[in-house]
1. When the chain is treated as a GNM, springs tying every alpha-carbon pair under 10 Å, which of GLN53, GLN129, GLN78 comes out with the largest mean-square fluctuation?
2. Is it possible to state the helix-based mean residue ellipticity at 222 nm for the chain, with each DSSP H run of 4+ residues giving -39500 (n - 2.57), the sum divided by total residues, to the nearest 500 deg cm²/dmol? What is it?
3. Let me know the whole percent of all Cα-Cα pairs from region 138-262 that are separated by more than 24 Å.
4. Based only on Cα atoms, what mean projected area does the convex hull of region 31-144 have, in nm²?
5. Report, to the nearest 10°, how far helix 156-176 tilts away from the longest principal axis of the Cα atoms in the chain, using its own Cα long axis and a range of 0 to 90°.
6. With labels modelled as points extended 7 Å from the Cα through the Cβ direction, what inter-label distance (nm, one decimal) is found for LEU4 paired with ALA221?
7. Where the only charges are on Cβ atoms (+1 Lys, Arg; -1 Asp, Glu), what is the dipole of the chain about its Cα centre, to the nearest 20 debye?
8. Relative to the first principal axis of the alpha-carbon coordinates of the chain, what is the inclination of helix 195-207, with its axis defined by its Cα atoms, in degrees from 0 to 90 and to the nearest 10?
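Readers should treat all values here as calculations from the given coordinates under stated rules, not as data from a laboratory. This one's a predicted model, so the numbers in the text were calculated from it and none came from an experiment. As a convention, Cβ positions derive from the backbone with ideal geometry for all residues, glycine included, and neighbour counts pool all protein chains shown.
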Amino acid sequence: MNALRLTGRHALITGANGGIGLAVTEAYLQEGACCSAVDLTAQASAELAALQQRFPQQLHYTALNVTSVTQVRDFVQQTNKAHGTIDVLFNNAAIFDMAPLLESNEAMYDKLFAVNVKGMFFTMQAVLQGLVDAGKTGSIINLASQAGRRGESLVSHYCASKAAVISYTQSAALAMAPHQIRVNAISPGVIDTPMWAHVDSLFARYEGLPLGEKKIAVGKAVPLGRMGNPKDIAGAAVFLASDESAYITAQTLNVDGGNVMS
């Protein structure tokens with residue numbers, strides 16, 4: 001039997017209560033990692049709580065607002081002391097919103113960039129500082145999006161926020177290469193998560209579509225003929241966290257059924 005690929009690793013997963021974050025947390029646990037899972041709510045979701053029952057020694061949940069730099073830094077320092085230095089980060093917490101360009105207001109901009117860019121960057125920075133201080137190598141995985149590869153007329157702020165994730169990933173990878181710390185990103189395509197009900201309702205509002213029609217259409221448009229599911233992302237996240245990707249850094253891996261070719 002092959003050894004588990006993440007045995008001895010301590011992984012931090014943000015946005016872990018559902019969707020992609022939940023699937024990655026489960027995959028990391030199954031591969032032997034100790035996982036610190038965080039999300040906004042005081043209590044873990046029912047699905048994450050069920051994982052805690054299956055992996056009581058490996059999984060720890062904490063409420064965390066990634067937009068608070070002080071909270072993030074304090075949490076990382078405390079978690080490094082309690083469970084060992086975080087050497088894998090799955091930087092997943094993000095939100096979505098959209099509106100026509102001329103109706104996109106400052107509040108929407110501030111909210112999207114606070115979570116998707118500020119939260120992503122300073123969580124990454126805190127984990128990287130812990131690794132450098134400990135003299136350890138590690139793997140950072142930031143969650144980008146196919147939206148970060150292009151512009152969309154209704155989704156300008158979200159697209160720009162995810163383009164920033166890709167850019168920060170490249171810069172951080174170059175900065176951390178002398179420390180042998182790898183920084184990569186995953187760019188999902190359309191993934192069937194609970195968030196898609198919100199996304200679909202917004203497209204229905206702004207494009208005049210019946211509810212559910214946009215979701216069906218985007219799934220059919222994927223070259224592989226379907227929307228992805230969170231486990232499709234979890235497989236890539238395990239690969240990038242493991243020694244199997246030891247010579248990969250500064251890359252954004254498209255996991256999108258063929259939507260984006262690079």
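1. GLN53
2. Numbers: 9 runs with 114 residues, N = 262.
Result for the chain, helices only: -13500 deg cm²/dmol.
3. Numbers: 2449 of 7750 pairs.
Tail fraction, whole percent: 32.
4. On the way: hull surface 33.5 nm².
For region 31-144, the mean projected area of the Cα convex hull comes to 8.4 nm².
5. Approximately 30 degrees, to the nearest 10.
6. If labels sit at LEU4 and ALA221, their model points lie 4.0 nm apart.
7. Numbers: 18 positive and 20 negative charges, 59 e Å.
Charge dipole, the chain, about its Cα centre: 280 debye, nearest 20.
8. 20 degrees
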